[in-house]
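Each remark here refers to the structure printed beneath this line.
Please treat every number below as a calculation from the coordinates, not as lab data. Here the structure is a predicted model, which means the values were calculated and not measured. Please note: Cβ atoms are built from the backbone with ideal geometry, for glycine as well, and neighbour counts cover all protein chains shown.
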Amino acid sequence: MTAFALPRFVAPLLRHSLILILIALLVFFSIQAPAFTAPTNLLTILESSAVLLIVALAMTLIIASGGIDLSVGVAIDFGAVFALIALKDFGAPWYVAIFAALAGAALVGAFNALLIVGLGIRPFLATLGTFFIGSSIQRIYTDGGGPIAFRRMEQGFRDLAAGNIAGIPMEIVIAAVVLVGYYLLLERTNFGQRVHAIGLQPRAARVAGIRVGRHVAVVFILAAASCALGGVILAATLRQFTPLAGQSYLLDAIAATFIGASIHPRLRPNVPGTLLGVLFLGVVANGLNLLGLDFNLKSALSGLILVGALALAGLRGRAG
Amino acid sequence: MPLPLAAASLAPGLTLAMTGIVKTFPGVRALDAADLDIRAGEIHGLVGENGAGKSTIIKILGGVYARDAGDILANGEVLAGGAAADMHAIGIRIIHQELNLVDHFTVAESVFLGQERTDRFGGLAKRRMRREAEAFLRDVLECPLDGQTLIRDLGIAERKLVQIAAALIDGKARLVVFDEPTAPLAAAETGRLFNAIRNLKARGVSILYVSHYLGEIVDICDRVTVFRNGRHVAVLDAPNPTRTDEIITWMIGRQLDDLYPAAAVRTADGIEAEPSFAVERLGDGRSFADVSFSLAKGEIFGIAGLIGSGRDELVDGLYGLRPPATGRVTRAGRPIRLDPALAVQSGLVLVPRDRRRDGLVLDLAVTDNINLASLDEVSTAGFRRERRANARATRLADLLDIRPRSVGTRAGLLSGGNQQKVVLGRWLAAEAEIFLLDEPTIGVDIGARAEIYRLVRELADGGATVIVSSGDAAELIGLCDRIAVLVRGKLVEIVRCGEISVDGLIARTTDAAGQRVAS
Ligand SMILES: Nc1ncnc2c1ncn2[C@@H]1O[C@H](COP(=O)(O)OP(=O)(O)OP(=O)(O)O)[C@@H](O)[C@H]1O
Ligand SMILES: [Mg+2]
């Protein structure tokens, strides 16, 4: 919507520039660090991106509905600790532990839904509150924040991190299932369509007869519950519960979602984009690591990518 | 008249000639070598069907879009550029069709947005801006508003006037473009706006005036250009009411026989037999009170009233957007809970007055907007079936003659009239029984209006109940069987349409008539 549009051919280039940059990065790393292209390393990238992907997908759903969730970390942690309690204190089998994790995290989502839908608090502030409360509960529960170890973890549960299906590590399988689930939900179902409508124009959605509050509540509960799977993977990998561990995924999840939105023609959060965003961050972290560069550089580069993606999106808006 | 506009008399009106203007959007040639020629100090009308390109040429004039080809001459000089800043600098001011105010700004902040007054320390001169904004609104637009009021607390008409004030307050306007300014206004506000426009003209400012109300065009304009399919097809001198038919013919390329359809059966007398929808002593404790009426199947029922008569609030109340505090609503004798989702489920639907904000999800495709309220019917087990969704949307787009026909187009890119048809299409898709139409033909061209009226009458003849809330008295009389008159939140009378004239209805909606009825 400005007077001086960029040349026509620029728009498609900009639209795909992120993918081009990702390819360029891949090429760069594989030349600079030959170990980068080793199959085991590529698998490592995917493996280490699994938890972030799950959390970022949850974030994508929430941002698509017009909200934001600063308490995804709490949902991850609650998932982990509920699973651990089920295993350790109740001797439950692995599938019951997963169920406990989902329930524990859903509680966090339900609390958010209560604040946002029930009390009309804006998502940013409501989930900030949940974050503070949830973090505090974890510190109190662990007497100040020390990890709770569980060395003799049932094999079935440990396999959720260490096992594999046809050679594919279990985390990747779980993340892939969540990915497909979210794709179908957001891009293929009526529910997803309504969520997009709510995120774009809540008043118009209401006039169209959509129960906005109910949908937003489901979005927050569902997102939190799926974060629990991230918590389960963490707990199974480390064989312990580390309080506040989930928090470290928050900012990356938001970044991945917006990097992903920047490739959408109308800058909407979307599942394929989020996958791309997560891979971007994973490749950067891994590549820098192999080059032996300071790990602190990773944040700077992630930030650059995010800002770059948004800037490209802005340019594209101009190119129309 | 005081302050701000005085400065405008210093700047003589602009002579503007646009020739051979071309503008293409992906898939649409919005302007196809269009000419537009405005003389200094005249009020120039621009009319045309929905999608004819009126708003597009205006956006080019305002520097919002760049033209693909064509020349613009201002006072005889070719304008090389065409960026928004250039256009502003030569005194072109545009009152766009779309309201573009920020909800949580105050009136004063909105009027001075981007042109803030500062005090001698460089701080914001808040008090002064508030005073000037209030004075301008009161004296020039005859709309007394508190400068501290938030935009979101204003009605759509008042917002329009704030938008106009923001464009004119600097007093440097030389050509003011009004794109359908009266669409959200009732008769009285329209009168005030016309005073302001004539005022501008008296100061030598040139005016370009776009409207679908041909009555206004022939009333206020010195010359009229007619657009059709992105081109000028006629320029008429000295338009007057006897030339309205001529203008219509140029616009739609054929003659329009009847704007309003005849009813198959006028059901106004069968009402008591079987009320399909009854409102009993409804009130919201603020804007309207004690409203009662009952409607039969097949009836078209009008609601007339000025801004502030409680008409908007009543419609919102009936749909449950703002649940009423007292009274009840029954359908087929049974009380119903007022809530939009329940309403839609039970076939009571709303075509809202502000279609861009409440009617459509602008960023979604036409298909998605049409199917939004009845997604279950174009899906299997909750999963969307694109082909079915598109087929249904296409069928309705054909039925309603939505242009462009490709239902994948984003709803926000359609012209005003076509957007309205999309909202109607959604409720046709949902097979509704009771239609609440709030200002259904705002911004809709005369040909499409006739189609919408015909459609509404067909719905009623098919057994639907239709409630039409409108500020357009002629529309109510032409379309409805009965009309309820609201004055200051009270339903003062229900009139039969055959028994009242347009002027009579307008008089009844004003206070004076209301008091006469009450006494
Ligand atoms: N940004 C855009 N992108 C794509 N198509 C557009 C865009 N803006 C307008 N159009 C199309 O260009 C054509 C002209 O639209 P325009 O808004 O100028 O019509 P109009 O004469 O103002 O109609 P109305 O009376 O309904 O306001 C329409 O077919 C419209 O759908
Ligand atoms: Mg227009």
Share of Cα-Cα pairs in chain B beyond 30 Å, whole percent, is 51 percent
The computed P(r) of the range A:10-318 puts the percent of Cα pairs beyond 29 Å at 37 percent
By the C-alpha gyration tensor axes a ≥ b ≥ c (rounded if a/c is under 1.5, else prolate when a/b exceeds b/c, else oblate), the shape of the range B:30-90 is oblate
Between residue B:213 and residue B:104, the FRET efficiency computed from the C-beta separation at R0 = 30 Å comes out, to the nearest 0.05, as 0.40
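Report the rotationally averaged projected area of the range B:322-443 based on its alpha-carbon convex hull, in square nanometres. Kindly include the intermediate steps, with their values, before the conclusion.
Working: hull surface 33.3 nm².
Its Cα hull, projected and averaged over all orientations, spans 8.3 nm².
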Note: probe point = Cα of residue B:146 + 7 Å toward Cβ; backbone nitrogen < 16 Å; residues of the range B:297-324 passing the test are none
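Rounded to the nearest 500 deg cm²/dmol, what is the calculated helix-only ellipticity per residue at 222 nm for chain B, with -39500 (n - 2.57) per DSSP H run of length n ≥ 4?
Values: 17 runs with 167 residues, N = 519.
So the calculated ellipticity at 222 nm is -9500 deg cm²/dmol.
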Partner aspartates and glutamates whose C-alpha sits under 13 Å from that of residue A:88, ignoring same-chain residues fewer than 8 away, are A:154
The correct pair for the range B:302-366, radius of gyration to one decimal and Dmax as a whole number, both in Å and from Cα atoms, is 13.5, 40
Final fewest-first order of B:409, A:44, B:242 on the 10 Å Cβ neighbour count is B:242, A:44, B:409
In terms of the charge dipole of the protein assembly as shown, which places +1 on Lys and Arg and -1 on Asp and Glu at the beta carbon, the residue among A:86, A:273, B:230 farthest towards the positive end is A:86
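Taking 0.36 nm per intervening residue step and subtracting the Cα-Cα distance, what contour gain separates residue B:510 from residue B:474 on full extension? Display every interim value, and only then the final one.
Working: separation 36, 0.36 × 36 = 12.96 nm, distance 1.55 nm.
Here the answer is 11.4 nm.
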Bounding extents of the protein assembly as shown in its principal axis frame from Cα atoms, largest first in Å, are 93, 70, 56
Label model pair residue A:48, residue B:332: point-to-point distance (7 angstrom along the Cα→beta-carbon line) in nm is 6.5 nm
Computed ³J(HN,Hα) along the range B:71-82: with the Karplus parameters 6.51/-1.76/1.60, θ = phi - 60°, integer Hz and x for glycine or proline, the list is 10, 10, 10, 10, 6, x, 9, 6, 8, 6, x, x
Exposure-ranked with fewest Cβ neighbours within 10 Å first, B:250, B:427 stand as B:250, B:427
Placing each pseudo-label 7 Å from Cα in the direction of the beta carbon, residue B:35 and residue B:406 end up separated by a distance in nanometres of 3.2 nm
Length gained if residue A:289 through residue A:23 is fully extended, taking 0.36 nm per residue and subtracting the Cα-Cα distance, is 94.0 nm
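Using the alpha carbons of the range B:124-229, what is the convex hull volume per residue in cubic angstrom, as a whole number? Walk me through the numbers before you get to the answer.
Details: hull volume 13.3 nm³, N = 106.
Value for the range B:124-229: 126 Å³ per residue.
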Given unit charges at Cβ for Lys, Arg (+) and Asp, Glu (-), the dipole magnitude of chain B about its Cα centre in debye, nearest 20, is 920 debye
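Which FRET efficiency, nearest 0.05, do residue B:259 and residue A:142 yield, Cβ-Cβ r, R0 60 Å? Can you show the working numbers first?
Details: r = 75 Å, r/R0 = 1.26.
For R0 = 60 Å, the calculated efficiency reads 0.20.
Neighbouring Cβ atoms within 10 Å as the yardstick, rank A:211, B:454 fewest first.
B:454, A:211
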Within chain A, excluding any chymotrypsin sites (Phe, Trp or Tyr not before Pro) found in a DSSP loop (not H, G, I, E or B) and having at most 14 other Cβ atoms within 10 Å, the longest uninterrupted segment runs A:10-294
Among the range A:59-87, those whose backbone N falls under 14 Å of a label point 7 Å along Cα→Cβ from residue A:264 are A:59-68
Expressed in nanometres to one decimal, the distance between label points 7 Å along Cα→Cβ at residue A:114 and residue B:170 is 5.3 nm
Everything considered on the Cα gyration tensor (a ≥ b ≥ c; rounded for a/c under 1.5, else prolate if a/b is larger than b/c, else oblate), the range A:17-93 must be described as oblate
For the range A:10-318, the charge dipole (Cβ of Lys, Arg +1; Cβ of Asp, Glu -1; about the Cα centre) points to a positive end, and the Cα of A:55, A:259, A:155 closest to that extreme belongs to A:259
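Taking square-rooted eigenvalues a ≥ b ≥ c of the alpha carbon gyration tensor, is the range A:1-140 rounded, prolate or oblate, where a/c under 1.5 means rounded and, failing that, a/b exceeding b/c means prolate? Show your work: numbers first, answer last.
Values: a/c = 3.32, a/b = 1.39, b/c = 2.39.
Oblate, because a/c is 1.5 or more while a/b does not exceed b/c.
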Given the candidates A:221, A:208, A:175, the one whose Cα lies deepest towards the positive end of the charge dipole of the range A:154-231, counting +1 at each Lys or Arg C-beta and -1 at each Asp or Glu C-beta, is A:208
About its Cα centre, the range A:10-318 carries a charge dipole, from +1 on Lys and Arg Cβ atoms and -1 on Asp and Glu Cβ atoms, whose size in debye to the nearest 20 is 960 debye
